[in-house]
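These notes are about the structure you will find just below.
The values are calculated or read from the model by the stated rules, or taken from the named source; none is laboratory data. Keep in mind that what you see is a predicted model, and the values were worked out from it rather than measured. When we count neighbours, we look across all protein chains shown, and the Cβ atoms used for this are built from the backbone with ideal geometry, even at glycine.
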Amino acid sequence: MKTFLVMTMLMAGCGPEAYDYSKEPDPRKREFVIGASDALKITVWKNPELSTDAKVRPDGTITMPLIGDVQAAGRTPGELKQEITHRLAAYVKDESQAVTIAVVEVNSYRFTVSGNVERGGIFTSKYYVSVSEAVALAGGLNKFATPKKLVIVRQDPRGVRRIPINYDRISSGEHPEENLVLFSGDSLFAP
């Protein structure tokens, strides 16, 4: 009897109902993280010769006048601004020095939708995409899909994780918290 209760409790914890979706971060609530191929406009106030338009190279760097290569990928615009300001301080002594960074074109946001969808593949977007939007971009679930068993495969500092998604509960509006926003590099699989 004790074994049966333990097994029942373990099985009950395996479904989407047991997953705490509120603990998943929402990238829309943080500063954007720059990636390879993103286009940046860097303006150095009162120094137009130091201002530049730069595309982040595959190795994650950009080149700035006077200071050379700067690692941009994996940083937020605020972090990149601090690095550029710090490195320019060795050459420009104006205390009113102001650097602004604008991400003018997002090209690094990519995710995969695969499995039983109409048109699976690697997708890019200029804005963050939720699970339901990703399914729509892939042409919807096909007739062989099991909507209650979608999975987001996400790699983050905690390792590779599998996040269960019940698409029926999203599309019915019953549980909008399951309509997570995909991170760049996420894979959404429809069994």
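All of (1) more than 24 Å from I34 (Cβ to Cβ); (2) without any contact (Cβ under 8 Å) to a residue 60 or more places away in the chain hold for P191 with one exception: (2).
For the stretch 107-122, the set of residues classified as within 17 Å of the chain's Cα centre (by Cα) and of a type in the set (S, T, Y) consists of S108, Y109, T112, listed by residue number.
With the requirement that a residue be in contact with a Pro (Cβ under 8 Å, 6 or more places away or on another chain) and either exposed (fewer than 14 other Cβ atoms within 10 Å of the Cβ) or not in a loop (DSSP other than H, G, I, E, B) (or both), what does the stretch 103-136 give you?
Hits for the stretch 103-136 are V103, G115.
Restricting the stretch 166-191 to residues that are closer than 21 Å to Y109 by Cα and aliphatic (A, V, I, L, M), which is farthest from the chain's Cα centre (by Cα)? Within the stretch 166-191, the match that is farthest from the chain's Cα centre (by Cα) is A190.
Exactly one residue out of T100, T76, T85 is farther than 23 Å from R162 by Cβ, in contact with a helix residue (DSSP H, G or I) (Cβ under 8 Å, 6 or more places away or on another chain) and surrounded by fewer than 18 Cβ atoms within 10 Å (Cβ to Cβ): that is T100.
Suppose we filter K81, K93 for residues that are outside any loop (DSSP other than H, G, I, E, B) and either of a type outside the set (S, T, N, Q) or under 20 Å from K126 (Cα atoms) (or both); which single one remains?
Numbers: K93 fails: outside any loop (DSSP other than H, G, I, E, B).
Going through K81, K93 in turn, the sole match is K81.
Of the set (1) crowded, with 18+ Cβ neighbours inside 10 Å; (2) in a loop (DSSP other than H, G, I, E, B), all apply to I62 but (2).
Inside the stretch 43-73, residues that are within 16 Å of E31 (Cβ to Cβ) and in contact with a helix residue (DSSP H, G or I) (Cβ under 7 Å, 6 or more places away or on another chain) make up a count of 1.
Restricting the search to the stretch 134-159, which residues are under 20 Å from G121 (Cα atoms) and modelled with pLDDT under 95?
Passing the criteria: only Q155.
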